[in-house]
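Following: one structure in structure tokens, then a few remarks.
The values are calculated or read from the model by the stated rules, or taken from the named source; none is laboratory data. Predicted model, so just to flag it, every value in this text is computed and none were measured. Every residue, glycine as well, gets a Cβ built from its backbone with ideal geometry; the counts of neighbours run over all protein chains shown. Keep in mind that these areas ignore ligands, DNA and RNA; they rest on the heavy atoms of the full protein, side chains included. Shrake-Rupley method; radii C 1.70, N 1.55, O 1.52, S 1.80 Å.
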Amino acid sequence: MDYSRYNTGWNGTSTLFQVMDDRGAVMLERMDELPDSGDCLLMILAPGGEYPAGEISRLSLFLD
């Protein structure tokens with residue numbers, strides 16, 4: 001599957017996830033799991049569709 005953390009091919013992210021796991025990164029399943037503050041980076045690899053209004057608001061708060 002493209003961009004999968006279990007895909008070791010050219011279109012996978014297994015190496016990326018291995019490096020990020022070693023650095024304490026976490027994978028979020030929902031936007032409401034985003035931290036409220038701190039030194040954070042958000043990487044959205046392959047969005048599955050449109051975001052509902054609530055998730056867009058949460059992303060905006062995170063970016064602010």
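Data overview
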| item | result |
| --- | --- |
| Residues (basic (Lys, Arg) and within 14 Å of Met43 (Cα to Cα)) located in segment 3-24 | Arg5 |
| Qualifying residue in segment 31-40 (condition: of a type in the set (Asp, Glu) and part of a loop (DSSP other than H, G, I, E, B)) | yes |
| Test result for Gly38, open to solvent by less than 60 Å² (accessible area, probe 1.4 Å) and of a type in the set (Gly, Ala, Ser) | no |
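Every residue, every condition in (1) surrounded by 10 or more Cβ atoms within 10 Å (Cβ to Cβ); (2) of a type in the set (Val, Ile, Thr); (3) out of contact with any His (no Cβ under 8 Å at 6 or more places or on another chain), yes or no:
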{"residue": "Thr15", "(1), (2), (3)": "yes, yes, yes"}
{"residue": "Ala25", "(1), (2), (3)": "yes, no, yes"}
{"residue": "Leu28", "(1), (2), (3)": "yes, no, yes"}
{"residue": "Gly48", "(1), (2), (3)": "no, no, yes"}
{"residue": "Tyr51", "(1), (2), (3)": "yes, no, yes"}
{"residue": "Leu61", "(1), (2), (3)": "yes, no, yes"}
